[in-house]
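Reading through the structure tokens given below for one structure.
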Amino acid sequence: MNELIYFMLWAGIIFLMMRFGCGAHVMGHGRGKAKHGKGASERQTTTESLRWIPPAEDVDPVCGKTVSTEKAKPSVHEGHVYYFCSRDCRERFEAAPEQHLAPAAKVLPTQPENEDA
């Protein structure tokens with residue numbers, strides 16, 4: 001019984017700290033201003049302004065059609081978003097993306113010639 005009272009006492013203290021103390025902003029009870037300095041509000045406004053906007057049109061890497069990105073079927077591969085005209089094109093791309101992407105310029109390392117031979 002003593003353990004239950006001890007637990008309830010600490011739970012009440014933690015609740016009050018989160019509700020009214022320094023943790024109030026975590027529970028959404030902040031007063032709109034950053035309590036811990038100006039840096040927190042500056043970080044929030046800069047991250048809110050960062051937003052990725054897709055292009056209006058893109059080329060389907062499987063069939064080569066120009067598609068409207070608003071109606072296209074997207075897929076992400078290695079951090080890049082690709083848009084497809086149909087679900088079939090997207091599934092073919094996801095099965096083997098290297099076949100449908102333009103081959104990257106491969107730079108072969110130069111091998112030094114053996115001067116002793």
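The values are calculated or read from the model by the stated rules, or taken from the named source; none is laboratory data. This structure is a prediction, so every number in the text was calculated from the model and none was measured. Because the Cβ atoms are built from the backbone with ideal geometry, glycine has one as well, and the counts that use them run over all protein chains shown.
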Which residue, of 31, 51, 19, is assigned to a loop (DSSP other than H, G, I, E, B), modelled with pLDDT of 70 or more and either loosely packed, with under 10 Cβ neighbours inside 10 Å or over 23 Å from the mean Cα position of the chain (by Cα) (or both)? 51
Could you list, in sequence order, all residues of the range 92-103 that are among the basic types (Lys, Arg) and in a loop (DSSP other than H, G, I, E, B)? none
Residue 90 meets each of (1) at pLDDT 75 or above; (2) of a type outside the set (A, V, I, L, M, F, W, C); (3) loosely packed, with under 12 Cβ neighbours inside 10 Å with one exception, condition (3)
Which residue pairs have Cβ atoms closer than 6 Å, lie 6 or more positions apart in sequence or on different chains, and pair a first residue in the range 62-91 that is small (Gly, Ala, Ser) and assigned to a loop (DSSP other than H, G, I, E, B) with a second residue that is at pLDDT below 90 and surrounded by 15 or more Cβ atoms within 10 Å (Cβ to Cβ)? none
